[in-house]
Amino acid sequence: MTISAKVERHLADAGIAYDVITHDHTGDSISTALAAHVPVDAMAKAVVLKDAKGYLMAVMSATYKLSEAEMYDVFGRRLELAHEDELVDIFADCDPGAVPPLAAAYGMEAVWDDCLADLTEVYFEGGDHDSVVRVKGDDFRNLMGDARHAQFSHHV
């Protein structure tokens, strides 16, 4: 598999130039960055949360951990992690656990962490565990559209 069809279409529709970097199969974002030989802090990951309003994708650096308490303080929502089996239908064109941090491509609401605000390049899984997408930082932030951003995670 390569990047998902929805991610590819979303990037094309937005006119975003990108590169795909292949690497050995990995199981998490930090391992992916290391295997792809890209800066770990510049690797964006998606964490899908849920509440009574539905799903929310939180996007942050792979080296950061989400704070549910800060999510509540910032967004006023009591969110919990969505289970991987809940996401199979939403991310049907992706390998399980390889959620691209492009919520709009999947019709999902998003928030992104301020830790991504000043990056010159951003890398992310495009839907599989064998490749990484590289885009310019400004292009990534444009892909976030009108999504709110704030500090809701901390470096680990």
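Overview of results
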quantity: Failed item, numbered, when residue 117 is tested on (1) closer than 21 Å to residue 17 by Cα; (2) crowded, with 16+ Cβ neighbours inside 10 Å; calculated: (2)
quantity: The range 52-77: number of residues that are hydrophobic (A, V, I, L, M, F, W, C) and not in a helix (DSSP H, G or I); calculated: 8
quantity: Residues that are touching a helix residue (DSSP H, G or I) at 6+ places or on another chain (Cβ under 8 Å), among the acidic types (Asp, Glu) and in a loop (DSSP other than H, G, I, E, B), drawn from the range 79-131; calculated: 93, 118
quantity: Qualifying residue in the range 42-59 (condition: within 22 Å of residue 130 (Cα to Cα), in contact (Cβ under 8 Å) with a residue 60 or more places away in the chain and not aliphatic (A, V, I, L, M)); calculated: yes
quantity: Residue 136 being more than 13 Å from the chain's Cα centre (by Cα) and at pLDDT 95 or above; calculated: yes
quantity: Qualifying position, being small (Gly, Ala, Ser) and crowded, with 23+ Cβ neighbours inside 10 Å, among 127, 107, 97, 145; calculated: 127
quantity: Which listed residue is among the β-branched types (Val, Ile, Thr) and farther than 16 Å from residue 134 by Cβ, from 32, 63, 22; calculated: 63
quantity: Any hit, the range 37-49, residues being of a type outside the set (Val, Ile, Thr) and over 16 Å from the mean Cα position of the chain (by Cα); calculated: yes
quantity: Positions within the range 2-44 being closer than 17 Å to residue 138 by Cα and in a strand (DSSP E or B), in sequence order; calculated: 19, 43, 44
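The values are calculated or read from the model by the stated rules, or taken from the named source; none is laboratory data. As the structure is a computational prediction, the values presented were derived from the model and not from experiment. Using ideal geometry, Cβ is built from the backbone for each residue, glycine included, and neighbour counts are taken over all protein chains shown.
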